[in-house]
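> Have a look at the structure that comes next, please.
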Amino acid sequence: QVQLVESGGGLIQPGGSLRLSCTASGAISSIVTMAWYRQVPGKQREFVAQIIWRGGNTYYSDSVKGRFTISRDNAKSTVYLQSNALKPEDTAVYFCNGQIRPSYDRMVASDYWGQGTQVTVSS
């Protein structure tokens, strides 16, 4: 089974730094895309950023563009999300998403999700 595990969340002051990590493991043939989403209680999960694994093209939501950076480490099958300009409205549970081709069905990419990591931006 493919698994995604996030880390790096916590309590951060406004203007502080964030660096989330998400590592994919398990029966992986290849990674197509990885992305970050976030969710506030009572609201729908929203897209934050995405990186296309092959080539490294990145995409951002308007709310984080210019403040967040998504990157990858291919050798580690890890995606990162970082910011040095956090705002209180960035408070949410952040989820890692992967479009991954599993080894047991390498022709089809499926969505996988991490367990989520809480990011709280507050003074």
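The values are calculated or read from the model by the stated rules, or taken from the named source; none is laboratory data. Note that this is a predicted model, so its numbers are computed, not measured. With ideal geometry, Cβ positions are generated from the backbone for all residues, glycine too; neighbour counts draw on all protein chains shown.
> Can you find a residue that is outside any loop (DSSP other than H, G, I, E, B) and closer than 18 Å to Ile12 by Cβ anywhere in the range 97-116? First the steps, then the outcome.
From the range 97-116, those outside any loop (DSSP other than H, G, I, E, B) are 97-105, 110-113; that's our starting set.
With the extra rule that they be closer than 18 Å to Ile12 by Cβ, the set shrinks to none.
No, the conditions are met nowhere in the range 97-116.
> May I ask you to verify whether Gln44 is at pLDDT 95 or above, surrounded by fewer than 19 Cβ atoms within 10 Å (Cβ to Cβ) and within 17 Å of Gln115 (Cα to Cα)? Outline the logic, then answer.
Values: at pLDDT 95 or above: yes; surrounded by fewer than 19 Cβ atoms within 10 Å (Cβ to Cβ): yes; within 17 Å of Gln115 (Cα to Cα): yes.
So Gln44 fits the description; yes.
> Is it true that some residue in the range 11-25 is exposed (fewer than 12 other Cβ atoms within 10 Å of the Cβ), out of contact with any helix residue (DSSP H, G or I) (no Cβ under 8 Å at 6 or more places or on another chain) and without any contact (Cβ under 8 Å) to a residue 12 or more places away in the chain?
No, that holds for no residue.
> Same structure, new question: How about the range 1-93: which strands (runs of 3 or more DSSP E) wholly inside it have at least 2 residues that are touching a Pro at 6+ places or on another chain (Cβ under 7 Å)?
Working: elements: 3-7, 10-12, 18-25, 28-39, 46-52, 58-60, 68-73, 78-83.
Answer list for the range 1-93: 28-39.
> Pick from Arg106, Arg54: which is modelled with pLDDT under 95 and either surrounded by fewer than 18 Cβ atoms within 10 Å (Cβ to Cβ) or more than 20 Å from Val5 (Cα to Cα) (or both)? Steps first, answer last, please.
On the way: Arg54 fails: modelled with pLDDT under 95.
Going through Arg106, Arg54 in turn, the sole match is Arg106.
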